[in-house]
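The structure appears below as structure tokens.
Please treat every number below as a calculation from the coordinates, not as lab data. Just so we're clear, the structure is a prediction, and the values are computed from it rather than from any experiment. Virtual Cβ from ideal backbone geometry, glycine too; neighbours counted across all protein chains shown.
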Amino acid sequence: MNRFGATILDADGLRLSVEEAAFFRDVNPFGFILFARNLETPDQIRALCGDLREAVGRAAPITIDQEGGRVQRLRPPLAREWRPPLDHIALAGAEAERAIYLRYRLIAEELRALGIDSNCAPMADLAFADTHPFLRNRCFGDAPETVAVLARAAAQAHLEGGVLPVLKHIPGHGRAVTDSHHDLPRVDAPLDALAASDFAPFHALSDLPLGMTAHVVYAALDAAPATLSKPVLDHIRNVIGFDGLIMTDDISMKALSGALGDLSRASLAAGCDVILHCNGTLAERAEVAEAAGEMTQIAQTRAEAALAARRAPTDIDISACEAELSALMGGQVYGG
């Protein structure tokens, strides 16, 4: 097998242009990611997924951000309108683990029906009192043990639904008080505090097949943001114990400064396996793809292991799942 390109890339619109299809054929990205601009009707989404896979000549994974709540690319009538995760969990109370499982099992069903077989979820970041609002209600809670249990339920629901989960944001974004889409957050907590809190859920979930970095500085480990930091990536691999495929968060986010090619090379040199690049021009995608090149052998091995975790969904009764979830949450499942 030829090695995959060390990238996950997006498309401009509802169908691939001739230029995009030729580009993807040449650079052979590991996978693709979809955004709202790519989503119009079920038939169109399935056709676009077919275009993407045809361009690379294989069943490449296609991912999306479908946490529910604010970060939800698919909305009615394409998918259910979900509450933010933290609100969902609060309403479910003691039944939160089952409610989260059912939520993400239904989300997996929605995705698979459209040809999408990966989701950038669950988050295992902790919700602190001063966590930036862009992140806080996307979290599963403020206690490491609770977050680990709920994120495990979400990941299992994805896997049983035939969808690869992407654990994020390794090694923990919750202490960030700025939005990494616009600024570089810095966390000054000592390493023992991070190990006991922020890093703990990721240690508990270290067997999952895919993970995404945090564009956050952890001063106890390095002055560079995690995505670009060999000390942080080494800590993720050797101490937290995560050995799945690690993708960067979007390499074009404003938390990182520098040319896209330089950032891509630095991320791979630090220990990331694949570069996620979103919302750029075709020329910018080409810059990232050229800098990233093909996966290393160890990254290819991790990629193949992740793909091996992608399996046919188990059978479920959708109506029964919806009814059970509604009962667990007092009828307050959707919206909000």
Only listed residue being in a strand (DSSP E or B) and surrounded by 19 or more Cβ atoms within 10 Å (Cβ to Cβ), chosen from HIS158, HIS235, HIS173, HIS169: HIS169
For segment 29-49, enumerate the residues that are outside any helix (DSSP H, G or I), in contact with an Asp or Glu (Cβ under 8 Å, 6 or more places away or on another chain) and surrounded by fewer than 22 Cβ atoms within 10 Å (Cβ to Cβ). PHE35
Residues satisfying the stated conditions in segment 325-336, i.e. more than 17 Å from GLU67 (Cβ to Cβ), in contact (Cβ under 8 Å) with a residue 24 or more places away in the chain and surrounded by fewer than 16 Cβ atoms within 10 Å (Cβ to Cβ): GLY330, GLN332
Can you tell me which residue within segment 302-316, out of those that are in a loop (DSSP other than H, G, I, E, B) and not hydrophobic (A, V, I, L, M, F, W, C), is nearest to the chain's Cα centre (by Cα)? ARG310
List the number of the failed condition for PRO85; all other conditions in (1) closer than 21 Å to MET329 by Cα; (2) surrounded by fewer than 23 Cβ atoms within 10 Å (Cβ to Cβ) hold. (2)
How many residues, within segment 190-220, are surrounded by 15 or more Cβ atoms within 10 Å (Cβ to Cβ), over 28 Å from CYS278 (Cα atoms) and aliphatic (A, V, I, L, M)? 5
All positions within segment 151-188 that are touching a residue at least 40 places away in the same chain (Cβ under 8 Å) and acidic (Asp, Glu): GLU160, ASP179, ASP183
Is it true that ALA312 is without any contact (Cβ under 8 Å) to a residue 12 or more places away in the chain, closer than 30 Å to GLU97 by Cβ and out of contact with any Pro (no Cβ under 8 Å at 6 or more places or on another chain)? no
Starting from segment 223-236, take each residue that is among the basic types (Lys, Arg) and list its partners that are buried (at least 17 other Cβ atoms within 10 Å of the Cβ), counting only C-beta distances under 9 angstrom and pairs at least six apart or across chains. LYS230/ASP222; LYS230/ALA224; LYS230/ALA270; LYS230/GLY271
